[in-house]
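The values are calculated or read from the model by the stated rules, or taken from the named source; none is laboratory data. Treat the numbers as computed from the prediction; the structure is a model and nothing was measured. With ideal geometry, Cβ positions are generated from the backbone for all residues, glycine too; neighbour counts draw on all protein chains shown. Heads up: the accessible areas ignore ligands, DNA and RNA and are worked out on the full protein's heavy atoms, side chains in. Shrake-Rupley method; radii C 1.70, N 1.55, O 1.52, S 1.80 Å.
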Amino acid sequence: VQLQASGGGLVQAGGSLRLSCVASGFIFRLNPMAWYRQAPGNQRELVASITSSGTTNYADSVKGRFTISRDNIKSTVYLQMNSLKPDDTAVYYCNPPIGRYSNYWGQGTLVTVSS
């Protein structure tokens, strides 16, 4: 199982970024997917999730600003992040949150939001 996240970078507050995560090694279209983030000194937290049928869920802190989506043909999950805040600074990871693959984590992608 591989989870290759990309798209992070340095952005000013109020800006936008789009993260991508390409998954392999399991049947992507049958699995829910999620984005997590971990800021320095903090525990990893769930940011957004999407079921295999496309139902989405968001942490209160990102509702209305972030959008999760998936492309089952490309085995890719996306996170569109708008109106970014310094508190969004973290390493972002994708992960299939339920089932036998939930222990697999990629290297993540770093998002830094400057004030």
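Yes or no: region 65-72 includes at least one residue that is of a type in the set (Asp, Glu), surrounded by 12 or more Cβ atoms within 10 Å (Cβ to Cβ) and without any contact (Cβ under 8 Å) to a residue 40 or more places away in the chain.
Residues of region 65-72 of a type in the set (Asp, Glu): 71.
Applying the additional criterion that residues be surrounded by 12 or more Cβ atoms within 10 Å (Cβ to Cβ) yields 71.
Now restrict to residues that are without any contact (Cβ under 8 Å) to a residue 40 or more places away in the chain: 71.
Scanning region 65-72, I find at least one residue that is of a type in the set (Asp, Glu), surrounded by 12 or more Cβ atoms within 10 Å (Cβ to Cβ) and without any contact (Cβ under 8 Å) to a residue 40 or more places away in the chain, so the answer is yes.
So if I check each of LEU79, LEU46, LEU3, which one is open to solvent by 30 Å² or more (accessible area, probe 1.4 Å) and part of a strand (DSSP E or B)? Reasoning before the result, please.
Values: LEU79 fails: open to solvent by 30 Å² or more (accessible area, probe 1.4 Å); LEU3 fails: open to solvent by 30 Å² or more (accessible area, probe 1.4 Å).
Unique residue meeting the criteria: LEU46.
If you take the residues in region 15-41 that are polar (S, T, N, Q), assigned to a strand (DSSP E or B) and surrounded by 14 or more Cβ atoms within 10 Å (Cβ to Cβ), which one is nearest to the chain's Cα centre (by Cα)? Outline the logic, then answer.
Just the residues of region 15-41 that are polar (S, T, N, Q), to begin with: 16, 20, 24, 31, 38.
Then keep just the ones that are assigned to a strand (DSSP E or B); that gives 20, 24, 38.
Of the ones still in play, those that are also surrounded by 14 or more Cβ atoms within 10 Å (Cβ to Cβ) are 20, 38.
Working: SER20: 8, GLN38: 11 Å.
That would be SER20.
Modelled with pLDDT of 95 or more, surrounded by 13 or more Cβ atoms within 10 Å (Cβ to Cβ) and part of a strand (DSSP E or B): does that describe VAL62? It would help to see each step written out before you state the result.
Working: modelled with pLDDT of 95 or more: yes; surrounded by 13 or more Cβ atoms within 10 Å (Cβ to Cβ): yes; part of a strand (DSSP E or B): no.
Considered against the rule, which asks whether it is modelled with pLDDT of 95 or more, surrounded by 13 or more Cβ atoms within 10 Å (Cβ to Cβ) and part of a strand (DSSP E or B), VAL62 comes out as no.
If a residue must be over 20 Å from ASN42 (Cα atoms) and either surrounded by 17 or more Cβ atoms within 10 Å (Cβ to Cβ) or of a type in the set (A, V, I, L, M) (or both), how many such residues does region 82-100 contain? Before the answer, list the steps.
So the first thing to find is which residues in region 82-100 are over 20 Å from ASN42 (Cα atoms), and the list is 82-83, 96, 98-100.
Still in the list and also either surrounded by 17 or more Cβ atoms within 10 Å (Cβ to Cβ) or of a type in the set (A, V, I, L, M) (or both): 96, 98.
Residues flagged as over 20 Å from ASN42 (Cα atoms) and either surrounded by 17 or more Cβ atoms within 10 Å (Cβ to Cβ) or of a type in the set (A, V, I, L, M) (or both) within region 82-100 amount to 2.
Can you tell which of ARG70, ARG44 is of a type outside the set (A, V, I, L, M), within 14 Å of TRP105 (Cα to Cα) and within 13 Å of the chain's Cα centre (by Cα)? So that I can check it myself, show each step before the final result.
On the way: ARG70 fails: within 14 Å of TRP105 (Cα to Cα).
Of the residues listed, the single one that is of a type outside the set (A, V, I, L, M), within 14 Å of TRP105 (Cα to Cα) and within 13 Å of the chain's Cα centre (by Cα) is ARG44.
Of the residues GLN43, GLN4, GLN38, GLN12, only one is within 19 Å of THR112 (Cα to Cα) and free of Cβ contacts under 8 Å to residues at least 24 places away in the same chain; which? If you could, list the steps in order and put the result at the bottom.
Numbers: GLN4 fails: free of Cβ contacts under 8 Å to residues at least 24 places away in the same chain; GLN38 fails: free of Cβ contacts under 8 Å to residues at least 24 places away in the same chain; GLN12 fails: free of Cβ contacts under 8 Å to residues at least 24 places away in the same chain.
Exactly one of GLN43, GLN4, GLN38, GLN12 is within 19 Å of THR112 (Cα to Cα) and free of Cβ contacts under 8 Å to residues at least 24 places away in the same chain, namely GLN43.
Taking SER53 as meeting all but one of (1) within 17 Å of GLN12 (Cα to Cα); (2) polar (S, T, N, Q); (3) surrounded by fewer than 14 Cβ atoms within 10 Å (Cβ to Cβ), write down the number of the exception.
SER53 satisfies every listed condition except (1).
Condition (residue is part of a loop (DSSP other than H, G, I, E, B), modelled with pLDDT of 95 or more and more than 12 Å from the chain's Cα centre (by Cα)) applied to region 91-113: is it met by at least one residue?
no
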